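Below is one structure, written out as structure tokens; the observations come after it.
The values are calculated or read from the model by the stated rules, or taken from the named source; none is laboratory data. Just so it is clear, the structure is predicted and the values come from calculations on it, not from any experiment. Neighbour counts run over all protein chains shown; Cβ positions are idealised from the backbone, glycine included. We work out accessible area using only protein heavy atoms, side chains counted, and drop any ligands, DNA or RNA first. Shrake-Rupley method; radii C 1.70, N 1.55, O 1.52, S 1.80 Å.
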Amino acid sequence: KLRAAVRRQTLRQDKDIESRSALPLVPVLCGASRRDMGVQPLLDAVNWYLPSPVDRARTQIGFDEHGAETPMPMPTNVLASPILALAFKVVHTARNGGMIGADGTAGVGLEPLVFFRVYAGRITKGMSLLNRTRNKNEVIDKLYVLHGAHHQEVPYIGAGGIGAAFMKHAATGDTLVAIGKGTGSYFTQVPSMVSGSAVARGPAGAVSITDVKDGGGKLPPTKPRAPVYTLEGIHPQPPTLSYAIEAANSSQSKVLDGALKMLEKEDPSLRVSVNELGQCVISGMGELHLEIIMSRLEREYSLQCRLLRAIIEYHESVKEQRRFFEEVVTHTGGTASPMVEMDFEIVPDIKSSDSGINCGAADRPRVIVSKEVQNGYLWYENQAERLAPQMSGDEEDSIRQQKLLAEIDKHDLTYVEPSKQKRYALQELVGALDRGAAEAFRRGPMARLAMHGFSIKVNRLQRKGTVPVDPSQVQAAARGYFTSFLEKYYNSEKGKHRADVCLLEPMMGIEVNLVETTHVGDVMSLLAEKGATEILPDEDDNRSIRGVAPMRNIARFTTELRKATKGGAYFSSKIDSYR
């Protein structure tokens, strides 16, 4: 009865929130994540007190093949419905006993076990799935549901179910669909007069019953909605703190490399790289995050490692908007042949304020192609195919356009709706350009730091030549082009626009929580010493203090805070912006 009462009051979270006399309950539990203490009570509390899907509105977001939001399909287990699932966790485990090999290779026998939730359809063992995020096929030879540390094999997992399977390519946040069915029109739920069931409809108006008992009943056809191409996914914040790491001895170096690769796949907020000195660098969300990684290396892989020095993740950016007309080229057969022609702008995301020039934490360099430009590209491509004998790939763009318009007027041609294959090819092209640009902008022109805080807005996009190209070729060409583009225009010594480049420093949002209010002044003074701005105490109880400080000043803030408050405070931090 007590649990039921707590649950009722907890579920009032979305109601009466404005009424101070009727505030909801907030269950509080104690634990220590580093020592795996309090995990079981936490899981029990989730089951007892938090809302189930029945108690809450559906909040998962789907996107169509153009990136626009679209409603999620109704959860149905019928075999004819398209499959839609989200991978949300990866762990490395052994089917037949894993170990660290004697030759120094970490994780011999360990394979990635991917946890996923099924949103629509039914996944059965032996089937093949398409990883829509990475465009890779996954073969599901066995399916499992987990009970603690025990794996129980099952024949299928239906909509609403959570399961696991060994997959080669899937990572956290990837969308999984059935091969050949992922782009079909999803079923929409309509009211049913059959008790306890729901009617699902496909594009042709066929009716099927989605309840467990497979009841009967038919209704008139309904208009299908846009299909879900990908799910929302999981996008971690960029890392804020980096350390060079090395194994205690040379014999464990290979083990460390393999262990870090597996941990990086399991934890999307962890980054592993190699700096210019050849040192292995791990980047994470702060001190505690990297301490947990060190603990896992010791506990799971028996590795004794040491962190050499802290590396603050500074970034480079551009502060002036400029427009360019260039070509992305690739080398085929030893000669440079144009592949894609673009008219684009460098658009800074940085803003000026009293505290200086800053930008958001998530404003990474990205290629943006509006729907208008995409539609123009598809229209041009369609007409170009119909007029291929009259067009030459070597003519100037203006002459080509004039001839094309003349032919359209002469033959009274009309717009032809692009096929799904052509739209998919355009999406692949834009994705390849974005990935290539992201790789090129990892090293800026000023200090070889990762670039941040601007986007590449494409105003015109045109394919050059008639030979089909693989997206990987376009990605490699885009990487090479944008690398030379940075050197040509933004190089610190001879670049035409080198004065546009600026250095960005990571700023951390800090929240200090005090046990007693006696140390409020000490904490505010400490934050001021660290260069923090916007220092504000909580107005309600005066036990929480917030501020924004440079990352370089709080690398060892935990120890200093304990000294200032005699152990009576703790703090949390996350990336706030770059300045």
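Taking every residue in segment 24-38 that is charged (D, E, K, R) and pairing it with any residue that is modelled with pLDDT of 85 or more and not in a strand (DSSP E or B), at least 6 positions away or on another chain, the pairs with Cβ-Cβ distances below 9 Å are R34/E291; R34/I292; R34/S295. Residues that are at pLDDT below 75 and either open to solvent by 90 Å² or more (accessible area, probe 1.4 Å) or over 27 Å from M262 (Cα atoms) (or both) are absent from segment 36-51 altogether.
Would you say E428 is part of a helix (DSSP H, G or I) and open to solvent by 20 Å² or more (accessible area, probe 1.4 Å)?
Answer is yes for this residue.
Scanning segment 506-544 for residues that are outside any strand (DSSP E or B), among the hydrophobic types (A, V, I, L, M, F, W, C) and open to solvent by 20 Å² or more (accessible area, probe 1.4 Å), which turns out farthest from K574 (Cα to Cα)?
Within segment 506-544, the match that is farthest from K574 (Cα to Cα) is V515.
Can you tell me which of V512, V474 is over 27 Å from V340 (Cα atoms), aliphatic (A, V, I, L, M) and either modelled with pLDDT of 85 or more or under 31 Å from the mean Cα position of the chain (by Cα) (or both)?
From the options V512, V474, the qualifying one is V512.
Residues in segment 475-505 that are touching a residue at least 24 places away in the same chain (Cβ under 8 Å) and of a type in the set (D, E, K, R) were compared, and the one that is least open to solvent (accessible area, probe 1.4 Å) is D500.
Examine segment 117-137 for a residue that is in a strand (DSSP E or B), among the β-branched types (V, I, T) and open to solvent by 50 Å² or more (accessible area, probe 1.4 Å), and state whether such a residue exists. Scanning segment 117-137, I find no residue that is in a strand (DSSP E or B), among the β-branched types (V, I, T) and open to solvent by 50 Å² or more (accessible area, probe 1.4 Å), so the answer is no.
Checked against (1) surrounded by fewer than 21 Cβ atoms within 10 Å (Cβ to Cβ); (2) small (G, A, S); (3) free of Cβ contacts under 8 Å to residues at least 60 places away in the same chain; (4) over 30 Å from M342 (Cα atoms), A555 passes all but condition (3).
Among the residues of segment 364-379 satisfying the criterion of being polar (S, T, N, Q) and under 25 Å from the mean Cα position of the chain (by Cα), which is farthest from F441 (Cα to Cα)? Can you show your working first?
Taking segment 364-379 and keeping what is polar (S, T, N, Q), we get 370, 374-375.
From what's left, under 25 Å from the mean Cα position of the chain (by Cα): 370, 374.
Values: S370: 21, Q374: 24 Å.
Here the residue is Q374.
I need the strands (runs of 3 or more DSSP E) fully contained in segment 345-390, keeping only those with at least 1 residues that are at pLDDT 80 or above and open to solvent by 40 Å² or more (accessible area, probe 1.4 Å). Give the steps one after another, and end with the answer.
Values: elements: 351-353, 356-360, 367-369.
The qualifying strands (runs of 3 or more DSSP E) are 367-369.
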